[in-house]
Amino acid sequence: MKKLSILLKEKIWITPALYIVIAVSLSIAFYYVDLFYIEELKPFIPSILLTNVDLAKTIMGSLAGALLTMTIFTFSTILVVLTMYSSQFSPRTLTNFIQDKIVWRVLGIFLSGFIFNTLSLLFMRADLYETDVITTFAGIVIAFFCLATFSYFIHYIATSVQVGELVNNLITESEEAISKFEELQENEASEEKDWSPIGIKESHRAEKEGYIHYLSFKKLVDYAEEQELKIEILVNPGDYVYEGKAIFNVFGVNKAEKSINNFYSLGASRTSEQDLDFAIQKMVEVALRAISPGINDPNTANDIIVRLGRLLGRLGRLKTGTFLLGEEQVLYRFPSYKKTLYKTFHQLSHYGKEDISVLIAILDSLKIAAEVGPNRHHLELWETHIYVFDGVDIQGLKTLDQETLQEKLDELAKATNQHSYNIAREKGN
């Protein structure tokens, strides 16, 4: 079921295709209503809603042309937004817009409106109808609905291209991924005690190359218990695997009844479904674009960096290391928190080392992560600031910059229960 869900997200043409099928069905239905049932329905339909065939052809021809123009404009707008996402935000954020259901529903509505009116126009023949028709009114209603949708689409596009809205969507996406692992650890995971599988070891390997989209932990646990197997998961969501790379090690006395490969999915690109690193990476890339000389928008970058702190704090609540899932049937290794911190800040520290506002935002982010997250990660958060400062010329900063940075460092030290130090004197030595 999960594979089908991901497939539907990737196949963006499916939504417009469904609307087109509905439009074709409606057109055929109204054709038969006008042909066989309109006389019986006339007493119940106001005469103003009925038109003769000649007038119907004129109206529906005009509507078809107008809707086609709106469809072309919508398609052009989508291409412009895709270009902007790629150039100003990040190529990785394209999927957030491409997989947006509203965008493709709007396009589907315009296409279906055009097809309904065009097909109905094709069916309008004077020799077929002996009375007035109702299809024209239906075409007008659909056209009005398309017009209302077009107005909403303009508003939606104007909102979605704002970087703040994109950041909100990325944060929501990251929180959803974190929630899934929180639920998994709360209901299924226990710390490794004694992993001593017995039976024949069988390695299940990837049948093609790609990125791990998701792992079906719950189904994998149920399957392992049902077949009396012990399974060792060798990869994490987001890992690149080549054809033949081992994905699982399966230990059991009897051979498994079905392929273990049914419990994971591969794709040509990474997704944020379970890939926490990729979810954060997209936010980091938007921040990096913002502090680049071409865009030069450090305030946007600072806002993203600060908001990353809350995500990192929540991420710190997840247990790391090796865990057993279910009734100790499945072994999985959660990535370390220190590694996540490094992946988050190693590029930001490099490209933002000459911008004091970015350095201040990083310290604020680390402080927020310390306040939101558990105490066990305080030392790692403190050591992350040392890594960031390694590439900074503290002595080259202006006096007020040094004082502000020192103030933020003292706040971080207090939040992480560490001893602060004088950055100017420490760097001077």
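The values are calculated or read from the model by the stated rules, or taken from the named source; none is laboratory data. Just so you know, these numbers come straight off a predicted model, no measurement behind them. Neighbour counts are summed over all protein chains in view; Cβ atoms, including those assigned to glycine, are modelled from backbone coordinates with ideal geometry. Please note that ligands, DNA and RNA were not included when accessible areas were found on the heavy atoms of the full protein model with its side chains. Shrake-Rupley method; radii C 1.70, N 1.55, O 1.52, S 1.80 Å.
See the values below:
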read-out	value
Computed Kirkwood radius, in angstrom, where 1/r is averaged over Cα pairs of segment 313-355	12.5
Order by protection proxy (mean Cβ within 10 Å, highest first), peptides 401-409, 73-81, 138-146	138-146, 401-409, 73-81
Rg(Cα) / (2.2 N^0.38 Å) computed for segment 18-110, rounded to two decimals	1.59
Net charge of Cβ neighbours under 12 Å - reference residue 248; Lys, Arg +1; Asp, Glu -1	+2
Coordinate range along principal axes, alpha carbons of segment 374-429, Å, largest first	35, 19, 16
Within the chain: Cβ-based charge dipole about Cα centre, in debye rounded to nearest 20 (Lys, Arg +1; Asp, Glu -1)	500
Heavy-atom surface of segment 202-246, accessible at 1.4 Å and reported per residue (Å²)	49
The chain, relative contact order [Cα under 8 Å, separation at least 6], %	14
Sum of -39500 (n - 2.57) over DSSP H runs of 4+, divided by residues of the chain (222 nm, nearest 500)	-19500 deg cm²/dmol
Mean projected area in nm² (Cα convex hull; one quarter of hull surface) for segment 131-173	3.8
Within the accessible area of the chain (1.4 Å probe), percent carbon and sulfur	55
Angle between the chain longest axis and helix 399-415 axis [Cα atoms, degrees, rounded to 10]	90
Rounded, prolate or oblate (a/c below 1.5 giving rounded, otherwise prolate when a/b exceeds b/c) for segment 236-317 by Cα gyration tensor	prolate
Of 216, 206, 63, farthest towards positive along the dipole that unit charges on Lys, Arg, Asp, Glu beta carbons give the chain	206
Segment 210-241 residues near the modelled residue 94 label - backbone nitrogen below 18 Å, point 7 Å along Cα→Cβ	211
Angstrom value of the Kirkwood radius, inverse mean 1/r, which spans all Cα pairs in the chain	26.0
Equivalent ellipsoid, segment 40-89 (semi-axes from 5 times Cα gyration tensor eigenvalues, Å)	42, 13, 6
Segment 314-395 - convex hull of alpha carbons, volume per residue in Å³	91
Reciprocal of mean inverse Cα separation for segment 210-353 (Kirkwood radius, Å)	17.3
Average accessible surface area per residue within segment 68-182, 1.4 Å rolling probe, Å²	46
Rg/Rg_ref, segment 125-240, where Rg_ref = 2.2 N^0.38 Å and atoms are Cα	2.04
Average silhouette area of segment 39-180, convex hull of alpha-carbon atoms, in square nanometres	11.6
With Cα atoms, 0 to 90° folded angle of helix 163-187 axis to the chain main axis	70
